[in-house]
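For reference, the structure is listed below as structure tokens.
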Amino acid sequence: MSRRGDLAANAAAEAGFRLERLEEHVGYALRLAQIAVFQDFHRVMEGLGLTPTQYSILMWLHAHPGARASQVAERLRIKRTNFVPLLDRLEERGLVARQRLPEDRRAFALHLTAEGERVREEASRRVARSEGRLARTLGPEGKRTLLTLLACVRETAERPHEAGPSSLAGDPPSSAGSQISTRVKRPSSLSIRS
């Protein structure tokens with residue numbers, strides 16, 4: 001093999017090694033799962049043209065008609081600067097209507113239109129089928145465990161590091177792990193169904 005071939009083989013081996021190590025990171029595994037779930041969502045929403053964020057907005061407004069834009073954005077963790085264009089697009093499609101609030105002329109109450117309710121209902125049916133597939137794969141206990149673990153990951157990641165960024169490499173694994181292990185009822189045997 002030539003020197004160039006040896007270098008290419010070594011680079012490929014190193015890249016494979018790094019990728020294997022990367023796959024051990026929780027954040028990377030979450031990102032891969034998110035990409036797969038979002039790709040599935042887009043397939044499921046074909047013809048409705050909804051993004052996951054737009055679907056979330058429709059669902060929130062269905063449950064909370066008349067909510068203010070700031071409430072929806074805050075609850076769904078959407079930056080205000082990103083929320084306004086999202087809302088504009090939903091309004092242009094005739095899915096959401098804004099109504100000025102008499103007590104605060106600067107604020108709007110948001111409502112689903114009849115078309116917005118129809119699209120939300122169809123989208124919900126499609127999402128339920130997709131979620132059902134995941135639930136069958138995980139099983140009821142596996143789904144509960146996954147949701148609990150994801151909530152723990154989110155809570156832990158949102159919590160500030162006690163000693164600041166310089167201590168990140170030295171954080172003892174037991175500090176967060178002990179809290180999580182007491183809140184999560186671990187199944188005796190978790191098997192993934194195919």
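Search region 122-132 for residues being surrounded by 12 or more Cβ atoms within 10 Å (Cβ to Cβ) and charged (D, E, K, R), and hand back the single one that is nearest to L95 (Cα to Cα).
Among those that are surrounded by 12 or more Cβ atoms within 10 Å (Cβ to Cβ) and charged (D, E, K, R), it is E122.
Inspect all residues belonging to region 139-153 and state whether any of them is at pLDDT below 90, open to solvent by 60 Å² or more (accessible area, probe 1.4 Å) and either within 30 Å of L90 (Cβ to Cβ) or part of a helix (DSSP H, G or I) (or both).
Of region 139-153, the ones at pLDDT below 90 are none.
No.
Just need a number here: residues in region 56-74 that are part of a helix (DSSP H, G or I) and either open to solvent by 30 Å² or more (accessible area, probe 1.4 Å) or of a type in the set (G, A, S) (or both). Step through it out loud before you land on a result.
Within region 56-74, the subset part of a helix (DSSP H, G or I) is 56-63, 69-74.
Narrowing further to those that are either open to solvent by 30 Å² or more (accessible area, probe 1.4 Å) or of a type in the set (G, A, S) (or both): 56, 59-60, 62-63, 69-71, 73-74.
So the answer is 10.
Return a yes/no flag: does region 164-184 have any residue that is under 30 Å from G66 (Cβ atoms) and either at pLDDT 80 or above or in contact with a helix residue (DSSP H, G or I) (Cβ under 7 Å, 6 or more places away or on another chain) (or both). Talk me through it step by step, then tell me what you get.
From region 164-184, those under 30 Å from G66 (Cβ atoms) are none; that's our starting set.
So far as region 164-184 goes, no, none of its residues is under 30 Å from G66 (Cβ atoms) and either at pLDDT 80 or above or in contact with a helix residue (DSSP H, G or I) (Cβ under 7 Å, 6 or more places away or on another chain) (or both).
Only one of these is under 30 Å from L22 (Cα atoms), assigned to a loop (DSSP other than H, G, I, E, B) and among the charged types (D, E, K, R): R133, R77, R43. Name it. Give the derivation first.
Values: R133 fails: assigned to a loop (DSSP other than H, G, I, E, B); R43 fails: assigned to a loop (DSSP other than H, G, I, E, B).
Matching residue, one of R133, R77, R43: R77.
What tally of residues in region 100-113 results from selecting those that are open to solvent by 40 Å² or more (accessible area, probe 1.4 Å) and either touching a residue at least 24 places away in the same chain (Cβ under 8 Å) or within 15 Å of L48 (Cα to Cα) (or both)?
2
The values are calculated or read from the model by the stated rules, or taken from the named source; none is laboratory data. Here the structure is a predicted model, which is why all the values come from computation and not from measurement. Note: ideal-geometry Cβ built from the backbone for every residue, glycine included; neighbour counts use all protein chains shown. Note: areas computed on protein heavy atoms with side chains; ligands, DNA, RNA excluded. Shrake-Rupley method; radii C 1.70, N 1.55, O 1.52, S 1.80 Å.
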